[in-house]
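Colleague: Questions regarding the structure given below will be posed in turn.
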Amino acid sequence: MRKSIFNALIIICLYQIAVSCGLRNREKSHPDTNVNVEKKSPGKIVFETEIHNFGSLKDGEIVAFSFKFQNKGGRPFKIIKAEKSCGCIDIQYDQNEVLPGAGSFVTIVFNSSGEWGNSLKEATIETSDGEKKELQIGAYIDNKQFNNLLNTQK
């Protein structure tokens, strides 16, 4: 009987050793969930200003303004699309990646030909991270032809 108790104790000890070795190996293959894993946030386009007023312009003047921006996110992004509200504006931008912390410009060129009175135009900028920003330009356009037309109808 002593021999069978002794054999049972040996089997129990061997079982505990085998189980504890298996747990140590499993812990190595599965990282601890409490360990902080640094995840980089998506790129974030942040403009210094999103609206610009050119003031008073004469019909036919061509003016431009560069909107300065910076990538305040954790990953690079590109500007992939720029939509304009009318044919009187053109949008120029760098098509290279903008690294985190770096910056660039979006330039809007406005041709006031044929425009009159208060004018507000928009450009929508979309990044490769799916972010959209709307930029606006405004001006008062002095159009003599339109003003003459208004004055003759009084």
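Colleague: Identify, please: which residue in the range 62-79 is out of contact with any Leu (no Cβ under 8 Å at 6 or more places or on another chain) and of a type in the set (S, T, N, Q) and is, among those, surrounded by the fewest Cβ atoms within 10 Å (Cβ to Cβ)?
Modeller: Applying the first criterion (out of contact with any Leu (no Cβ under 8 Å at 6 or more places or on another chain)) to the range 62-79 yields 62, 64-66, 68-70, 72-75, 77-79.
Checking which are of a type in the set (S, T, N, Q) leaves us with 66, 70.
Details: S66: 14, Q70: 16.
Once the filter is applied, the top-ranked residue is S66.
Colleague: Next question, about the same structure. Go through the range 62-110 and tell me which strands (runs of 3 or more DSSP E), entirely inside it, have 1 or more residues that are closer than 27 Å to A139 by Cα and in contact with an Asp or Glu (Cβ under 6 Å, 6 or more places away or on another chain). Quick ask: steps written out before the conclusion?
Modeller: Details: elements: 62-71, 79-84, 89-93.
Passing ranges, in order: 62-71, 79-84.
Colleague: Which ones in the range 109-147 are touching a Phe, Trp or Tyr at 6+ places or on another chain (Cβ under 6 Å), closer than 17 Å to C88 by Cα and crowded, with 16+ Cβ neighbours inside 10 Å?
Modeller: Just the residues of the range 109-147 that are touching a Phe, Trp or Tyr at 6+ places or on another chain (Cβ under 6 Å), to begin with: 116, 118, 127-129, 135, 137, 139, 141, 143, 146.
Still in the list and also closer than 17 Å to C88 by Cα: 116, 118, 135, 137, 139, 141, 143.
Residues satisfying the conditions are W116, L135, I137, A139, I141, N143.
Bear in mind these aren't lab numbers, they're just calculated from the coordinates by the rules spelled out. What you are looking at is a predicted structure, and each value in this text was computed from that prediction instead of being measured. Quick reminder, even Gly has a Cβ in these numbers, built from the backbone with ideal geometry, and neighbours come from all protein chains shown.
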